[in-house]
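To start, the structure under review is shown below, and the notes come after it.
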Amino acid sequence: MSTKKIQIGISACLIGEKVRFDSGHKRSNFCVEELGQHVVYKPFCPEVAVGLPIPRPTIRQIRKNDMIHVSRPDGTGDVTDLMTAYGKKIGLLVDSMCGYVFCAKSPSCGMERVKVYHENGSGSESTGVGLFAAEIMKADPLLPCEENGRLNDAVLRENFVLRVFTYHKWKQLKAAGITKHKLINFHSQHKYLVMSHTTAGYKSLGQLLARADLPIQEQADLYIAGLMNALKNKASRKSHSNTLQHLQGYFKKHLNKGQKHELTLRIAEYREGLVPLVVPLTLLKHYLLEHPKAYIESQVYFDPYPADLKLRYAY
């Protein structure tokens with residue numbers, strides 16, 4: 001992987017900038033202290049960018065005649081058009097990004113479950129999407145996006161980081177120029193990573209690359225769309241265990257009875273929730289050092305992101 005740090009968009013309040021309506025912030029320790037060691041953030045606060053002051057009256061999403069407006073609770077200070085226009089402007093920059101972290105439930109930055117109030121003030125429903133966030137996600141539907149609150153979940157956190165680093169590798173490949181050979185090599189290295197998320201996606205990507213009737217650019221576009229959508233599926237203990245067992249098969253001629261039993265036991269303990277994923281993976285890596293296999297050594301599954309993030313210690 002290139003030493004150039006990965007660029008990620010982020011709501012400015014999540015890195016500690018005091019841009020919220022109350023002059024505060026919502027600093028994310030994971031984003032700043034952990035992931036921040038490996039990425040460069042591009043912070044944005046759309047509410048400040050469209051001219052709202054700090055501090056400022058709260059704004060909310062209000063449904064008027066089946067249209068969503070963002071304004072103060074009494075309907076004044078409407079910034080709907082300004083917010084949408086700013087989102088489109090920043091959306092032009094997403095080609096340089098490999099992910100985005102939004103501030104949850106914000107009328108500008110929430111990815112989902114944003115409160116939408118009824119115009120008559122009779123209540124609300126959590127069905128909205130922040131106007132700014134919507135434009136960013138529309139600009140690149142494959143861009144890994146997540147909210148700060150959801151990053152507290154170990155599985156969602158690992159899934160987001162994995163997709164960010166995978167998308168970064170893809171963009172490096174694309175920048176260098178994609179050929180059929182490079183595309184097949186890229187897929188070969190990511191096979192077991194995909195398998196750990198979805199066997200259906202694993203099979204469909206292989207079938208896509210087997211097609212000889214597609215121009216390389218069309219094939220590449222279909223491939224990355226399929227890959228990023230496959231990785232959105234949260235890997236489960238069951239799917240990881242299936243992948244680990246496949247990898248175990250490469251060592252069946254090299255391990256003695258006791259070693260085979262230990263590896264089988266560690267995979268079973270992981271599947272039952274008794275140990276984290278790092279336990280059987282570490283044992284597989286140990287056997288890989290003793291019995292090198294170039295194809296297995298190339299698998300991104302073993303190290304899809306920097307080890308010091310310790311994401312596979314948590315589940």
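Within the stretch 211-225, the set of residues being loosely packed, with under 11 Cβ neighbours inside 10 Å and touching a residue at least 24 places away in the same chain (Cβ under 8 Å) comprises just one member, 217.
Out of curiosity, is residue 74 surrounded by fewer than 22 Cβ atoms within 10 Å (Cβ to Cβ) and either among the aliphatic types (A, V, I, L, M) or part of a loop (DSSP other than H, G, I, E, B) (or both)?
Details: surrounded by fewer than 22 Cβ atoms within 10 Å (Cβ to Cβ): yes; either among the aliphatic types (A, V, I, L, M) or part of a loop (DSSP other than H, G, I, E, B) (or both): yes.
Yes, satisfied.
Please verify whether residue 246 is of a type outside the set (A, V, I, L, M, F, W, C), more than 30 Å from residue 145 (Cβ to Cβ) and touching a residue at least 12 places away in the same chain (Cβ under 8 Å), treating the condition exactly as stated. Spelling it out, residue 246 is indeed of a type outside the set (A, V, I, L, M, F, W, C), more than 30 Å from residue 145 (Cβ to Cβ) and touching a residue at least 12 places away in the same chain (Cβ under 8 Å).
Give me a count of the residues in the stretch 262-279 that are surrounded by fewer than 16 Cβ atoms within 10 Å (Cβ to Cβ) and in contact with a Leu (Cβ under 9 Å, 6 or more places away or on another chain). Total satisfying the criteria: 2. When the stretch 198-210 is filtered for residues that are of a type outside the set (S, T, N, Q), part of a helix (DSSP H, G or I) and exposed (fewer than 12 other Cβ atoms within 10 Å of the Cβ), only 200 remains.
Of note, residue 40 satisfies the criterion of being under 26 Å from residue 164 (Cα atoms), in contact with a strand residue (DSSP E or B) (Cβ under 7 Å, 6 or more places away or on another chain) and at pLDDT 95 or above. Apart from one condition, residue 105 fits all of (1) in contact with a strand residue (DSSP E or B) (Cβ under 8 Å, 6 or more places away or on another chain); (2) surrounded by fewer than 18 Cβ atoms within 10 Å (Cβ to Cβ); the exception is (2). Residue 111 meets the conditions (1) at pLDDT 95 or above; (2) in a loop (DSSP other than H, G, I, E, B); (3) over 18 Å from the mean Cα position of the chain (by Cα) in every case but one. The failed one is (3).
There is at least one residue in the stretch 24-34 that is crowded, with 20+ Cβ neighbours inside 10 Å and part of a loop (DSSP other than H, G, I, E, B).
Within the stretch 142-151, the presence of a residue that is more than 25 Å from residue 95 (Cα to Cα), part of a helix (DSSP H, G or I), in contact with a helix residue (DSSP H, G or I) (Cβ under 9 Å, 6 or more places away or on another chain) and of a type in the set (D, E, K, R) is excluded.
Might you let me know whether the stretch 4-23 holds any residue that is in a strand (DSSP E or B) and under 21 Å from residue 81 (Cα atoms)? Yes - at least one qualifying residue is present in the stretch 4-23.
The values are calculated or read from the model by the stated rules, or taken from the named source; none is laboratory data. The shown structure was predicted, so the numbers you read here are calculated from the model rather than taken from an experiment. Quick reminder, even Gly has a Cβ in these numbers, built from the backbone with ideal geometry, and neighbours come from all protein chains shown.
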